[in-house]
Protein chains: 4
Amino acid sequence: MIRVVIIGQGLVGTHFAVGIERLKQNIILDYGVPLGRKIPIPYKNIEIVGSYDVDNEKVGKTIYDIALRVFPKEEVPETLKDIVVKRGIHLDSLKGLPFKAEGIEKGRSLREAIDQLVDEWRSLNADVFINVITTEPAEVIGSVEKIEKRIDEGKISASQAYAYAVAEYSRRVKSAVFINAIPSPIANDPGFVDLFRRNNAVVFGDDGATGATPLTADLLEHLHERNRRVLDIAQFNIGGNSDFLALDQPDRNTMKKKTKSSIVEDILGYSVPNYIRPTGYLEPLGDRKFVAMIIEYLSFNNFKDELYIVARINDSPALAGLLIDLVRLGKIALDKKAYGTIYEINAFYMKNPGPYKAKSIAKTKAYDKLLSWLRINT
Amino acid sequence: MIRVVIIGQGLVGTHFAVGIERLKQNIILDYGVPLGRKIPIPYKNIEIVGSYDVDNEKVGKTIYDIALRVFPKEEVPETLKDIVVKRGIHLDSLKGLPFKAEGIEKGRSLREAIDQLVDEWRSLNADVFINVITTEPAEVIGSVEKIEKRIDEGKISASQAYAYAVAEYSRRVKSAVFINAIPSPIANDPGFVDLFRRNNAVVFGDDGATGATPLTADLLEHLHERNRRVLDIAQFNIGGNSDFLALDQPDRNTMKKKTKSSIVEDILGYSVPNYIRPTGYLEPLGDRKFVAMIIEYLSFNNFKDELYIVARINDSPALAGLLIDLVRLGKIALDKKAYGTIYEINAFYMKNPGPYKAKSIAKTKAYDKLLSWLRINT
Amino acid sequence: MIRVVIIGQGLVGTHFAVGIERLKQNIILDYGVPLGRKIPIPYKNIEIVGSYDVDNEKVGKTIYDIALRVFPKEEVPETLKDIVVKRGIHLDSLKGLPFKAEGIEKGRSLREAIDQLVDEWRSLNADVFINVITTEPAEVIGSVEKIEKRIDEGKISASQAYAYAVAEYSRRVKSAVFINAIPSPIANDPGFVDLFRRNNAVVFGDDGATGATPLTADLLEHLHERNRRVLDIAQFNIGGNSDFLALDQPDRNTMKKKTKSSIVEDILGYSVPNYIRPTGYLEPLGDRKFVAMIIEYLSFNNFKDELYIVARINDSPALAGLLIDLVRLGKIALDKKAYGTIYEINAFYMKNPGPYKAKSIAKTKAYDKLLSWLRINT
Amino acid sequence: MIRVVIIGQGLVGTHFAVGIERLKQNIILDYGVPLGRKIPIPYKNIEIVGSYDVDNEKVGKTIYDIALRVFPKEEVPETLKDIVVKRGIHLDSLKGLPFKAEGIEKGRSLREAIDQLVDEWRSLNADVFINVITTEPAEVIGSVEKIEKRIDEGKISASQAYAYAVAEYSRRVKSAVFINAIPSPIANDPGFVDLFRRNNAVVFGDDGATGATPLTADLLEHLHERNRRVLDIAQFNIGGNSDFLALDQPDRNTMKKKTKSSIVEDILGYSVPNYIRPTGYLEPLGDRKFVAMIIEYLSFNNFKDELYIVARINDSPALAGLLIDLVRLGKIALDKKAYGTIYEINAFYMKNPGPYKAKSIAKTKAYDKLLSWLRINT
């Protein structure tokens, strides 16, 4: 069994929970789970054992209760009634957003809060932690020493604190995996990768590669392989889920903009004027975001071609599908004792694949590398 | 030097001629030539030595004259004044289209016409033949014997007759290359591949992979690698060049529909309801065709995503850019004595890659195979 | 009360039936009913009293049963259990489509079949007849005499036979309204308009203005009012309902193409190369069709602008919403004794507004005329 | 003759100047000039007599010189060599943008600068002033007294100072027209309208209705006339001209956002969540901006339809075409002594039609009002 803890019981966490239970009960097929049955870990081996959040509207509720806010009753598996959302670390990660939130660090030191988490996780016997909290401002810290200092001071983002806690848990209890599906740099922070390696732990990250960005990566590769000269790219994203609400704040938006636009130069080998970022919040769109994109390029004989893409993409299920793989790949990494971070996995599943300064490559090339790491023949 | 003969002095042939001369004169960069400087054959080694057509408005004119109908005067290289378009084989390939056309086979046997071509080519000392005549109805013949019989009877399409002539030229004069950039099955006809192999000749084909089809192939691969379930695909193409005019005839349209829709099942591994074909002719669009596409698929948890693509693509330059590579690859194949056809080249450059029953694969995967065949490291 | 008979219990008829019942029960709001509460006839005055079809899978069933094939059970009003679909006139209107169909004219003269319908309608005391059978080949007949002759011979389309029957019913029983929501020319046939006028009956038609065509009309007006020069228009439509299946047959497709492209010159005052027609059938799209459109035009100083429109439109509900108005407008016309046909109504609600040779105008201009006919101030 | 002064010799002013000269010389047709030959003032009656700017790169140059930066030499009329760009009022209107700018108010009072302008204009015997300076932050002042006070203090935007100067010119010299084609509220400021009326002057404004906004207005009207319920609208605009560069500054962007989104509620009669604003700057797009839009609405029976629009629009020519009309309408207004502002003109030509609190209506309805004001029968 792979015992999973969800950190951030938002839409993605809820789609993950509902989806894995429905998969286990054979109610749905495994569409959107990239590796599907190509890896020999059956879905029934995945068990959700814990869930954390800081939104007062969620803490104390079961995942079942929370899922009812999104799914029709007949689609929510009863098994989710068993998992109650516990209070986690806040560290102002929801500051400025219209939620009442509070963290277990309130009124005491962050180290004490982390100790409590580690103890809770020990009793859950957890293996894999999925970080899907709301996008927060955060930056690379750089070394284990500086991370320790920041933990002492409590000057650190929530994701970083959770990553630290998972590393601690690995040191004190058992080797574990931290999957960082949001933009905060963890797998891209040499300090954190070092910390995980030292503590026999695994980290995947950063920022799950869903939506228009991986598609853009593969489109750019397509143009690149034809030696077309890309002149400009604009990519607009607008949605109505709480992630878009959060990204309306400039410092959070910057987090996304960075992970989204780095791909262009990495893939093409030259810089291109671009405008790639989440653009706004429009409530009625809900989780089914609207993407609009233009790519202009020069073809042979200096003729200019134009490519326009419009898409409607269900944001949270796409990421939840990737997480089903990442949980299983975490288990494989633990079995292989492949501690630290693994570029071959990050390159396919993440927008900003760690380790630090690793290049983005086209996702289709990353897919080949992934299969090759897994020794799967295509 | 690689001595090239253009068969069909239409838009593609003209873009090829203008483009290669401008490349040789360093007036343009090599955007749209996929391999660019990755293969060690400089553009200046390519020399156009002959051109054939059956349209009375073109035969007897120079490529320079014809290019002036499309390009502003200052962009047409003077060197094209040296090449006069000769009359080629018609065999009703322009039947039903608003052109006055006549072939050298008129009033005598097809074999005599072919003999004349072989003699002309001998005097040109040609190496590579590019077939870019207008899309014609044609079907697989199947064996060398049957091809010979059809030649005897004159019951064969123009492309097939040209292919036969190039094979004959290879037998009688020197090994040569036939690049079939239109849908007529040549590299997909076991008979022709056999004939080329026996005669120490090379054939690439069929149907140059430009426009929306290779893009669709790579998009489908992108979805496939995420295990998304494609529900339906529609791809509309409309343009105003003479190829679209030709494709308004049902039997020619069917030729394109076949090569376009075969990719879907090959890449995804299951059949998908689809509507992929040239849709119509709209004169003011000219060579800059309009493509509109929808792809619907199931993501994780059975959520349906929708992808819409709108593109404006300059049809002829795109294919001309590929031909610059194919001419050079033809030379490499001759040097390697790789007679018959070469899947690793066809798979990337062709919509319907020969040999017969070879699978379509994503173009990005084909690109890797191509580099690997060329022993180029990525 | 307005007693309505549905002719053709397909998707549109079913959306009409389900929608009007839900409107009467205040389950839905009247979105998509253009005049809404601007005209003083409440929805509860509309009563469906009869339904006709020729598909053996439908005849004998209730509208309730048929609605269950499309709507979830909880959305289908119980009141629809009372209306059983009767067998109507076939006259090969479904020929070539994958349905088993038979008409009451089988084995006897068409006049006898029409007499039977008139008798049935007498007992239903019907006021308004909605023609929503599948698009069929049909052409203008031209005079009452010729119509009579065709009825005698049985050489007439199903819609024309129904229209004749409604005129007969008006003569023998009471003034009634025939709403022709399909392309067959009825309101555009001087013979039929004459027949209706003579018999104190009303006809609206032809071809309900839903989908991309009315939008195109208003877009063209928008460009026209800015004196922009439209260069070309292409409009692709593809869907998965049985109307698209029918339109895959060339003679039916031609019916639609005519009513769709006539608007361009009427509105702009000059002819424009265009490609406007239903393009294909793609089953998984269902009733939610995909529309893709390009309009290119010259702006000031000869600069070319480009407009691309992509839409997903639920085909049948849109027409059903218009029918709610047309039924009420039919009643108003009867009260006003406005026999024959009424351009001010057709111009807004129809793609090809009768009478014969009446011009298409922009729908927004037609809307003003409609309100003015109704003496509603804006 | 109508003697015209251009204020702001940017792209729009240059397209206006080049276009009117080419129209007068019959080199181009009057596409994009809405009223064209419907009003009896020939284009040759329009004469550009002056031009103002504050960009040091432009002041002292002729319009001919400036036009060469945008148009190929053969398209720039020689007549433009006669008009030298004079230095105008700056008042920080280009602050923060990458231009070196300076105004004639530098080193003296604003009233002295205005006096100088009035004197220059007297010698030019000007009739109509076109304000096409870069979008600047500005807000309603409200009364003539407050405007006078702001002029005394020099605390006013450049457009407002120009408007004041034109009013002064009208008082001291002759009745004149101020056409405010940018978002600064002039025709929407009761103070300015009052001032113009008192001084026998005419003002049109505000913010020329080009691009996607008037199209959106007519699309919303189209939906409104079908009683469809609009759920949400997002409209993205990105371009590479200096207006988009300016709009990247938040306070300037707000100016546009206001005039763009006010139309929604005015036309539909209810508020709709929307995201309508210039979105970003992407240099290679140049003046040919990229617009992407989504509109979702409920159709009959609660079905949701989706409309996506992608457009490439040449920004500056579109506005220049409107200005050709507005100059001539200004002359008509002067002849009619219709002082103050004229809603019937503003409603069609402006995004935010004055007077203050006047409602936006669909442009197609405004067009009818315009023709009716002009007593032109449709």
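Name the residue farthest towards the positive end of the dipole of region A:59-167 from the options A:A101, A:Y164, A:A67, assuming +1 on Cβ of Lys and Arg, -1 on Cβ of Asp and Glu, about the Cα centre.
Checking the options against the dipole of region A:59-167, the answer is A:A101.
Restricting the count to DSSP beta bridges whose residues both fall in region B:1-134, what percent are antiparallel, rounded to a multiple of 5? Can you show the working numbers first?
Working: 2 of 15 bridges.
DSSP beta bridges in region B:1-134 are roughly 15 percent antiparallel.
Treat every Asp and Glu Cβ in chain D as -1 and every Lys and Arg Cβ as +1, leave all other atoms uncharged, and give the resulting dipole magnitude about the Cα centre to the nearest 20 debye. Before the final figure, lay out the partial values.
Details: 52 positive and 49 negative charges, 150 e Å.
For chain D, the charge dipole is close to 720 debye.
Give the nm distances, rounded to one decimal, from C:K337 to the matching residue in every other copy, measuring between label points 7 Å along Cα toward the beta carbon; shortest first.
5.3, 10.1, 10.2
Which distances, shortest first and in nm, link D:V84 to the matching position in the other copies, using label points set 7 Å out along Cα to C-beta?
When each copy's label point is compared with this one, the spacings are 6.1, 8.6, 9.6 nm.
For labels at D:L374 and C:E102 in the simple 7 Å Cα→Cβ model, what's the distance in nm?
6.5 nm
Enumerate the whole-percent occupancy of each 10 Å bin, from 0 to the last occupied one, for all C-alpha pair distances of region B:175-227.
24, 35, 23, 17, 2
For region D:212-314, what are the per-bin percents of Cα-Cα distances with bins 5 Å wide, up to the bin holding the maximum?
Result, from short to long distances: 3, 13, 23, 23, 17, 11, 7, 3, 1, 0 percent.
Taking 41 Å as R0, compute the FRET efficiency from the Cβ-Cβ separation of C:S143 and B:D248 and round it to 0.05.
Details: r = 37 Å, r/R0 = 0.90.
Between C:S143 and B:D248 the formula returns 0.65.
Would you mind calculating the relative contact order of region B:212-314 from Cα pairs under 8 angstrom and at least 6 residues apart, reporting the percent as a whole number? Write out the running numbers ahead of the final one.
Numbers: 185 pairs, mean separation 37.0, N = 103.
Averaging sequence separation for qualifying contacts and normalising by length gives 36 percent for region B:212-314.
Using the alpha-carbon atoms, what tilt in degrees (0 to 90, nearest 10) does helix C:11-24 show relative to the longest principal axis of chain C?
So the inclination is approximately 80 degrees.
Does the protein assembly as shown come out rounded, prolate or oblate, given a ≥ b ≥ c as the square roots of the eigenvalues of its C-alpha gyration tensor, rounded meaning a/c under 1.5 and, failing that, prolate meaning a/b above b/c? Show your work: numbers first, answer last.
Working: a/c = 1.12, a/b = 1.04, b/c = 1.08.
Rounded, since a/c falls under 1.5.
When the Kirkwood hydrodynamic radius is evaluated over all pairs of different C-alpha atoms of region C:268-331, what value in angstrom, to one decimal, is obtained? Walk me through the numbers before you get to the answer.
Numbers: mean 1/r = 0.0654 Å⁻¹.
Taking the inverse mean of 1/r over all distinct Cα pairs, region C:268-331 comes out at 15.3 Å.
Nearest 5 percent is fine: what portion of the DSSP beta bridges confined to region B:212-314 is antiparallel?
On the way: 20 of 27 bridges.
About 75 percent, rounded to the nearest 5.
Could you check how many percent of all C-alpha pairs in chain C are farther apart than 33 Å?
Roughly 26 percent, rounded to a whole number.
Round to the nearest 0.05 the FRET efficiency obtained for D:K81 and B:K95 when R0 = 56 Å and r is the Cβ-Cβ distance.
Numbers: r = 57 Å, r/R0 = 1.03.
In this case the efficiency is close to 0.45.
Measure nothing but the geometry: give the 0 to 90° angle between the long axis through the Cα atoms of C:250-268 and the longest principal axis through the Cα atoms of chain C, rounded to 10°.
The two axes meet at around 50 degrees.
Using a Förster radius of 25 Å, what is the FRET efficiency between A:I39 and A:R172 based on their Cβ-Cβ separation? Nearest 0.05, please. Mind dumping the intermediate values first?
Values: r = 29 Å, r/R0 = 1.17.
Calculated transfer efficiency: 0.30.
Provide a whole-number value for the mean count of partner chain Cβ atoms within 10 Å of the Cβ atoms in peptide D:271-283. Kindly include the intermediate steps, with their values, before the conclusion.
Working: counts 0, 1, 6, 3, 8, 0, 2, 0, 8, 6, 2, 9, 3.
Across the residues of D:271-283, the mean count of other-chain Cβ atoms within 10 Å is 4.
D:D266 to D:R69: extension gain in nm, 0.36 nm per residue of separation minus the Cα-Cα distance?
Details: separation 197, 0.36 × 197 = 70.92 nm, distance 4.04 nm.
Between D:D266 and D:R69, full extension yields an extra 66.9 nm.
Each residue of region A:214-223 in turn: what ³J(HN,Hα) in whole Hz from Karplus with 6.51, -1.76, 1.60 and θ = phi - 60°, glycine and Pro shown as x?
x, 4, 4, 4, 6, 5, 5, 4, 4, 5
Beta carbons within 10 angstrom, averaged per residue: use that to sort the peptides D:148-157, D:86-95, highest first. Please report the intermediate quantities before stating the final value.
Numbers: D:148-157: 15.9, D:86-95: 21.4.
Per-residue mean Cβ counts within 10 Å order the peptides as D:86-95, D:148-157.
Name the residue farthest towards the positive end of the dipole of chain B from the options B:I147, B:A126, B:I182, assuming +1 on Cβ of Lys and Arg, -1 on Cβ of Asp and Glu, about the Cα centre.
About the Cα centre, the residue reaching furthest to the positive side is B:A126.
Compute the distance in nm between two label points, each set 7 Å from the Cα along the Cα-to-Cβ direction, one at C:R198 and one at C:E112.
The answer from the label model is 2.5 nm.
Is there a pair in B:K58/B:K369; A:K38/B:K359; C:K38/C:K146; A:K304/B:K257; B:K81/B:K369; A:K44/A:K351 whose C-alpha atoms are over 31 Å apart, and which pairs would that be?
With Cα atoms farther than 31 Å apart: B:K58/B:K369; C:K38/C:K146; B:K81/B:K369.
Relative contact order (percent) for chain B, with alpha-carbon contacts under 8 angstrom and 6 or more residues of separation?
On the way: 795 pairs, mean separation 69.3, N = 378.
Computed over chain B, the figure is 18 percent.
Please sort C:38-45, B:307-314 by packing, taking for each peptide the average over its residues of neighbouring beta carbons within 10 angstrom, highest first. Write down the numbers at each step before the final one.
Details: C:38-45: 13.8, B:307-314: 23.0.
Answer by packing, highest mean first, reads B:307-314, C:38-45.
Averaged across B:227-239, how many Cβ atoms of other chains sit within 10 Å of each residue's Cβ atom? Could the numbers behind the result be given before it?
Values: counts 12, 6, 4, 2, 4, 8, 2, 9, 0, 9, 0, 7, 1.
Average per residue, whole number: 5.
How large is the helix-only mean residue ellipticity at 222 nm for the protein assembly as shown, computed as the sum of -39500 (n - 2.57) over DSSP H runs with n ≥ 4, divided by its residue count, in deg cm²/dmol to the nearest 500?
Values: 48 runs with 588 residues, N = 1512.
Using -39500 (n - 2.57) per qualifying helix, the result is -12000 deg cm²/dmol.
Relative contact order, percent, of region B:266-313 when contacts are C-alpha pairs under 8 Å separated by at least 6 residues?
Values: 39 pairs, mean separation 15.6, N = 48.
32 percent.
Going by how many other beta carbons lie within 10 Å of each one, how would you line up C:F244, B:F204, fewest first? Show your work: numbers first, answer last.
Numbers: C:F244 25, B:F204 29.
Ascending number of Cβ neighbours within 10 Å: C:F244, B:F204.
Compare the Cα positions of B:G280, B:G269, B:S316 along the charge dipole of region B:221-378 (+1 at Cβ of Lys, Arg; -1 at Cβ of Asp, Glu; about the Cα centre) and return the one farthest towards the positive end.
B:G269
What number does region B:219-378 give for Rg over Rh if you use C-alpha atoms and the Kirkwood radius? Before the final figure, lay out each step's value.
Details: Rg = 17.4 Å, Rh = 17.5 Å.
Taking Rh as the inverse mean 1/r over Cα pairs, Rg/Rh reads 1.00.
Can you give me the angle between helix A:110-124 and the longest principal axis of chain A, using Cα atoms only, in degrees from 0 to 90, rounded to the nearest 10?
Approximately 80 degrees, to the nearest 10.
In chain C, what residue has the beta-carbon at the shortest distance from the axis of the rotation relating C to B, and what is that distance in angstrom, rounded to the whole number?
Residue of C nearest the axis onto B, distance in Å: C:A292, 2.
If you count, for each residue, the other Cβ atoms within 10 Å and average over each peptide, how do A:209-215, D:330-336, D:316-322 line up from highest to lowest? All intermediate terms of the calculation are to be shown ahead of the outcome.
Working: A:209-215: 24.1, D:330-336: 18.9, D:316-322: 28.0.
Averaged packing, sorted descending, gives the order D:316-322, A:209-215, D:330-336.
Put a point 7 Å out from Cα along the line to Cβ at D:S109; what are the distances to that point in the other copies, in nm, shortest first?
Here D:S109 shows inter-copy label distances of 6.9, 10.2, 10.7 nm.
About the Cα centre of the protein assembly as shown, what is the dipole size in debye to 20, counting +1 per Lys and Arg Cβ and -1 per Asp and Glu Cβ, all else neutral?
Numbers: 208 positive and 196 negative charges, 1 e Å.
With only Lys, Arg, Asp and Glu charged at Cβ, the dipole is about 0 debye.
Based on Cβ point charges of +1 for Lys and Arg and -1 for Asp and Glu, what charge dipole magnitude is obtained for region B:209-289 about its Cα centre, in debye rounded to the nearest 20? Mind showing how you got there, number by number?
Values: 11 positive and 11 negative charges, 25 e Å.
Its charge dipole is roughly 120 debye.
Here, each number is a calculation from the coordinates, and none is a lab measurement. Keep in mind the model is a prediction, meaning the values are calculated, not measured. No Cβ is skipped: glycine too gets one built from the backbone with ideal geometry, and neighbour counts run over all protein chains shown.
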